Amino acid sequence: MTAPLHEAHPSGPGPGLPNTQQGMRRRNLARVMHTVSAEGPLSRAAVAARIGLTRAAVSTLVDELIRAGLLEELGPERPGRVGRPGSALAVSGRGPAGIGAEIGVDHLAVYAVDLRGAVRARAVRQGTNRGRPPQPVLAELTALVEQVVARAEREGLRPTGLAVAVPGLVARDARTVVRAPNLDWHDLDLGPLLPTGLPLTVDNEANFGSLAELWLGENTPRDFLHVSAEIGIGGAVVVDGRLLRGTRGFAGELGHVPVRPEGPRCACGGRGCLEQYAGEEAVLRAAGLTPGEDHVELLAERAAQGDRDVRRALRGAGTALGIALTGAVNLLDPETVVLGGALVALAPWLLPSLERELARRTAGPPCAVAVSRLGSEGPLLGAAHSVVRAVLDDPATVSVAGQA
Ligand SMILES: [Zn+2]
């Protein structure tokens, strides 16, 4: 079984392992995996030097990881390095794999990612899921997962878990969608509807997007706010390298922070929420376009061509984002705000007003705003990598299964 994401610690190996000899062995297996994953290829001696264990102890751990198919030997190391030459170790490209899936309002997508972080198989289906009952949508997703799993297995990979990103609130059981307003799904346990045979983790797309930023982004700090948009606005808070979840798992709902308390009604029951000013539909409407027929790509295209109405709508959205983010920045003092998802393509026209608003309102020096390099792939990559990270964090879970 893969460790459930909600208990995984993205910050280091060996989450929550007992302080016994067995726990120590599992922690050391994780340290070897993380070291080779981050710095490999490395010789056994180099791994031993980096983690401060004897070469004999490291060799025992490495042998176990090779037998389990998690590490592989690449052959003799290049000469000229310090110490005796040894065979270089690398993370296996044929071992366990993570399956990540995304239920978007307008698409379904599934990726298989190997332990090296490479996407090895993918399947995508475009088409709206809005207003459809969950059963047929999840039956389609199950079929896509099965396709991707079969392709991954043909490449010699062993999928060890499935993580699903959804545009809504997910309970702390990491399976139940409490509310996905843009799909109109409520209190739905996805477990029985995704009978793939893989251990399942469900999480909010913005949470997975922020984890992808933390694990795969360039120079991502350990304290940041992640803001993304598809139909809704997604937010996530990372504090000291850990995702902030809140009591019920609902932390980060920036889209429903009020920007103007007397503003238009929102699906959440409130008024004047950020989503009413910076959500895709709101921006399309403000630009005189038709939500549903026109999409965010069109906004970027028109803005690039100099369309005044679109540029004004995006300026307004940037101002609303700035106002909503001010509260979060003043409260949490993050190092940066990272814009992800659809906001990446729109960033050139959102940023000036967003940054102006933030600078004017924050108590300290202005908080930097960065644009994600992962774009709209973030949540899907975060989902697949969460399964991979769980293997790196506790390799014993799959190495035991691998030997059975
Ligand atoms: Zn709202």
Normalised Cα Rg of the range 107-185, dividing by 2.2 N^0.38 Å with N its residue count, works out at 1.20
Compute from the Cα atoms of the chain the Rg and the Dmax, the latter being the longest Cα-Cα distance, and quote both in angstrom.
-> 22.5, 72
Note the angle between two axes, namely the Cα long axis of helix 205-216 and the longest principal axis of the Cα atoms of the chain, as a number of degrees from 0 to 90, rounded to the nearest 10.
-> 50
In the range 188-297, the GluC sites (Glu not before Pro) that fall in loop regions by DSSP, at most 11 other Cβ within 10 Å = 218, 262, 293
Which residue, 354, 183, 332, has the most motion in a Gaussian network model of the chain that connects Cα atoms within less than 10 Å?
-> 332
Expressed as a rounded percentage, what relative contact order does the range 218-373 have, with Cα pairs under 8 Å and six or more residues apart?
-> 23
For residue 234, list long-range residues whose amide hydrogen, built 1.01 Å from N in the peptide plane, is under 5 Å from its own amide hydrogen.
-> 228, 229
Short version: ³J(HN,Hα) in whole Hz for each residue of the range 301-311, in order, from phi by Karplus 6.51 cos²θ - 1.76 cosθ + 1.60 (θ = phi - 60°), x for Gly and Pro, what are they?
-> 4, 5, 4, 5, 7, x, 4, 5, 5, 5, 4
For the range 254-266, 3J(HN,Hα) per residue [Karplus equation, 6.51 cos²θ - 1.76 cosθ + 1.60, θ = phi - 60°, Hz, x = Gly/Pro] | 4, x, 10, 7, x, 9, 9, x, 9, x, x, 5, 10
Report ³J(HN,Hα) in whole Hz for each residue of the range 322-338, in order, from the Karplus equation J = 6.51 cos²θ - 1.76 cosθ + 1.60 where θ = phi - 60°; Gly and Pro get x.
-> x, 5, 5, 6, 3, x, 5, 5, 5, 6, 10, 6, x, 6, 9, 10, 10
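How much net charge surrounds residue 340 when only other residues with a Cβ under 11 Å from its Cβ are counted (Lys, Arg +1; Asp, Glu -1)?
Numbers: positive: 373; negative: 205, 213, 230, 377.
Around residue 340, the charge tally is -3.
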Volume per residue, Å³, of the convex hull around the alpha-carbon atoms of the range 305-404?
-> 122
What is the helix-to-structure angle for 55-67, meaning the angle in degrees between its Cα long axis and the longest Cα principal axis of the chain, kept from 0 to 90 and rounded to the nearest 10?
-> 70
Which residues qualify? For residue 95, with a placed amide H closer than 5 Å and at least 5 residues away or on another chain, they are 115
Rg (one decimal) and Dmax (whole number) from the Cα set of the range 146-206, in Å, equal 13.1, 39
Using a Gaussian network model of the chain with C-alpha springs under 10 Å, which one of 127, 241, 95 is most mobile by mean-square fluctuation?
-> 127
Selected from 189, 294, 203 as most flexible by GNM, with the chain as the system and alpha-carbon contacts under 10 Å | 294
Can you give the FRET efficiency for residue 147 and residue 301, using 1/(1 + (r/R0)^6), R0 = 41 Å, r = Cβ-Cβ distance, to the nearest 0.05?
-> 0.80
The range 218-373 - convex hull of the alpha-carbon atoms, volume per residue in Å³ | 114
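All of the numbers you see were taken from the coordinates with simple rules; none came from a lab. What you are looking at is a predicted structure, and each value in this text was computed from that prediction instead of being measured. Heads up, the Cβs are rebuilt from the backbone with ideal geometry, glycines too, and the neighbour counts pull from every protein chain shown.
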